[in-house]
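Okay, structure first, notes after.
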Amino acid sequence: MRASPAVDEYVQRSQQWPEVIDALRPILRGCGLAEDIKWRKPCYSHDGKNIVIVQEMKPFLAMMFFKGALLDDRDGVLEAQGPNSRSAMRMCFTTPADVRRLRKTITSYVEAAIALEDAGATVPPPGALELVDELRARLDEDPGLAAAFAGLTPGRQREYNLHISSAKQSATRTSRVEKCVPTILAGKGMRDR
C-alpha cells in the first residue's frame, strides 16, 4: 500500500512522536492496510473496515486496535484504553526502537485483526447497564426523564452512568444527576452541545 499524503502532512506537523509514527507506518502498510486520516488521526483499514488507529498521547504513542479485545494477546503487549473500555486495546511505543523490536508482534496482531474482521467477528454487547442508585431513583420519580433517558443510545446512557457513579459521595452523585437532567431531556449525550 502507498503512503497517504494526508498522513505525511500529519507526521510533519507532529511535534511529539513523528519518528515513532514513521517507524510504524511501513509495517502497517506492509500488512496491506490502507492509511488515511480519520478522527484527525492516522487510521489504517482493510477493505474499508478500520483495524488500527494511531494516537499521540503525552507519555507514549498508541496503536489502538478497534477490536483488540478479540485478539489473542499471546505476547502480553496489549492494554486497555481505560478502565471502562470494552473492545479497544492498544500497544504503546516511546521510541522507534520499540517499534522495530515489536515488528513481528505488530505484524502478527494486525494479521489476526484482519482475519477477525474478514470473519465478521464482533465484540459481544455489554451486559445490562446497572444504574447508580441516585440516577435510578431520579428516573423512577420522573417518567418524562426516564423516557428521555431510554431514548438515548446505549453509549450515551453508559456515559451518563459512568460520570455520575464516579463521584464518591451520594450528595455529589445527586448533584451530577440534576446537572445532567437538561441534556438528557434534550436527547443529547454529555458531550453533545
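The table for this structure:
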{"item": "Residue-level accessible surface for Cys92, protein heavy atoms, 1.4 Å, Å²", "result": "40 Å²"}
{"item": "Rg to Rh, two decimals, where segment 74-153 supplies the alpha carbon set and Rh follows Kirkwood", "result": "1.21"}
{"item": "Exposure rank, largest accessible area first [Lys168, Lys179, Lys188; 1.4 Å]", "result": "Lys168, Lys179, Lys188"}
{"item": "Other-chain or far-sequence residues with amide H under 5 Å of Lys38's (modelled H)", "result": "Cys43"}
{"item": "Theoretical ellipticity at 222 nm over the chain - DSSP helices of four or more residues, -39500 (n - 2.57) apiece, nearest 500", "result": "-14000 deg cm²/dmol"}
{"item": "Förster radius 35 Å - calculated FRET efficiency between Lys49 and Ala97, Cβ distance, rounded to 0.05", "result": "0.70"}
{"item": "Inter-probe distance in nm under a simple model that places probes 7 Å from Cα toward Cβ, at Asp118 and Thr105", "result": "2.4 nm"}
{"item": "Total formal charge among the other residues, if their Cβ is under 14 angstrom from that of Trp17, Lys/Arg +1 and Asp/Glu -1", "result": "+1"}
{"item": "Point-to-point label distance, Ile37-Lys188, nm (Cα→Cβ direction, 7 Å offset)", "result": "2.7 nm"}
{"item": "The chain, accessible surface, carbon-and-sulfur percent (1.4 angstrom probe)", "result": "51 percent"}
{"item": "Residue-by-residue Karplus 3J(HN,Hα) for segment 83-91, coefficients 6.51, -1.76, 1.60, Hz, glycine and proline x", "result": "x, 10, 6, 10, 10, 6, 9, 10, 10"}
{"item": "Average projected area [Cα convex hull, segment 68-113], square nanometres", "result": "3.3 nm²"}
{"item": "Rel. contact order, % - alpha carbon contacts under 8 angstrom, at least six apart, segment 109-184", "result": "32 percent"}
{"item": "Accessible area in square angstrom per residue, the chain, 1.4 angstrom probe", "result": "56 Å²"}
{"item": "For segment 97-107, Karplus couplings with θ = phi - 60° (6.51, -1.76, 1.60), whole Hz, Gly/Pro x", "result": "5, 4, 5, 4, 5, 9, 3, 5, 5, 4, 4"}
{"item": "Descending semi-axes in Å of segment 1-160, equivalent ellipsoid built from Cα gyration tensor", "result": "35, 17, 15"}
{"item": "Where Arg176, Arg101, Arg25, Arg138 fall by accessible area, highest first, once all protein chains stay in place (1.4 Å)", "result": "Arg101, Arg176, Arg138, Arg25"}
{"item": "Exposure of Phe66 as accessible area (Å², to 10), given a probe of 1.4 Å and all protein chains", "result": "50 Å²"}
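The values are calculated or read from the model by the stated rules, or taken from the named source; none is laboratory data. This one's a predicted model, so the numbers in the text were calculated from it and none came from an experiment. So basically every Cβ, Gly included, is an ideal-geometry build from the backbone, and we count neighbours across all protein chains shown. What goes into the accessible areas is simple: the full protein's heavy atoms, side chains included, and nothing from ligands, DNA or RNA. Shrake-Rupley method; radii C 1.70, N 1.55, O 1.52, S 1.80 Å.
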